[in-house]
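Everything on this sheet refers to the single structure shown next.
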């Protein structure tokens, strides 16, 4: 059975104080907006790569930490990932920036997971590397599996907050986390494959369809439109038939 990864988006949408200072237009970003978006994207990446996942805070309400860790423990998750945006200072913007990753003190497996994941995170958008650290956070202490808490950037820095708001950075963080988890479990990261659109000129389409195949479809269209009494339907029949004739290298009528 594949590994089960418990995913935790830190706090909730209405958690007091967990938001950026006010922007010049009078708006602000709640921390959970970022956390929740990254976890949702990470969930998709991990499932595509063959992992099972467990969202321990499935709503935007601030699920109690004990509930989160109990869900992961009871499900026998293999790894616990908690996603956050960092903050420092009481009010207003400041100059502190960077990414830091935490594990529980003395946890060998937690440290290994944190180091691998952190290495992938700092390989992305250039910003200060604040390192891998130990911390006695409840989600690290109360989980029986290796647990990692990631602070992806400071939302109390104006440029950092703008980055946290961007769809591109949220996608980047989710992919980097997924790549780190894949490396931890010796799995290959499976990228999203975008469909390739190849432009084809009408001249290249000609003679690609066999005349006999085109004529079968033309006969079907003719039968379908034969019962139509209106001129528009009959004209459409002729148009489609000529498209097929052109594609099969036959003269139009």
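The lone criterion from (1) under 26 Å from residue 186 (Cα atoms); (2) touching a helix residue (DSSP H, G or I) at 6+ places or on another chain (Cβ under 9 Å) left unmet by residue 1 is number (2). State the number of residues belonging to the stretch 75-97 that are over 16 Å from residue 163 (Cβ atoms) and surrounded by 14 or more Cβ atoms within 10 Å (Cβ to Cβ). The qualifying residues number 7. Scoring residue 189 on the criteria (1) at pLDDT 95 or above; (2) under 23 Å from residue 31 (Cα atoms); (3) within 16 Å of the chain's Cα centre (by Cα) leaves a single failure, condition (2).
For the stretch 101-117, the criterion of being surrounded by 17 or more Cβ atoms within 10 Å (Cβ to Cβ) and under 18 Å from the mean Cα position of the chain (by Cα) is met by at least one residue.
For the stretch 12-32, the set of residues classified as touching a residue at least 60 places away in the same chain (Cβ under 8 Å), under 23 Å from the mean Cα position of the chain (by Cα) and assigned to a loop (DSSP other than H, G, I, E, B) consists of 18, 20, 29, listed by residue number. Among the residues here, residue 36 does not qualify as out of contact with any strand residue (DSSP E or B) (no Cβ under 9 Å at 6 or more places or on another chain), assigned to a helix (DSSP H, G or I) and either at pLDDT 95 or above or not assigned by TED's automatic domain parsing to the domain that holds residue 120 (or both).
The values are calculated or read from the model by the stated rules, or taken from the named source; none is laboratory data. Everything numeric in this text was worked out from a predicted model, so none of it was measured. Reconstructed Cβ throughout: ideal geometry from the backbone, glycine too, with neighbour counts over all protein chains shown.
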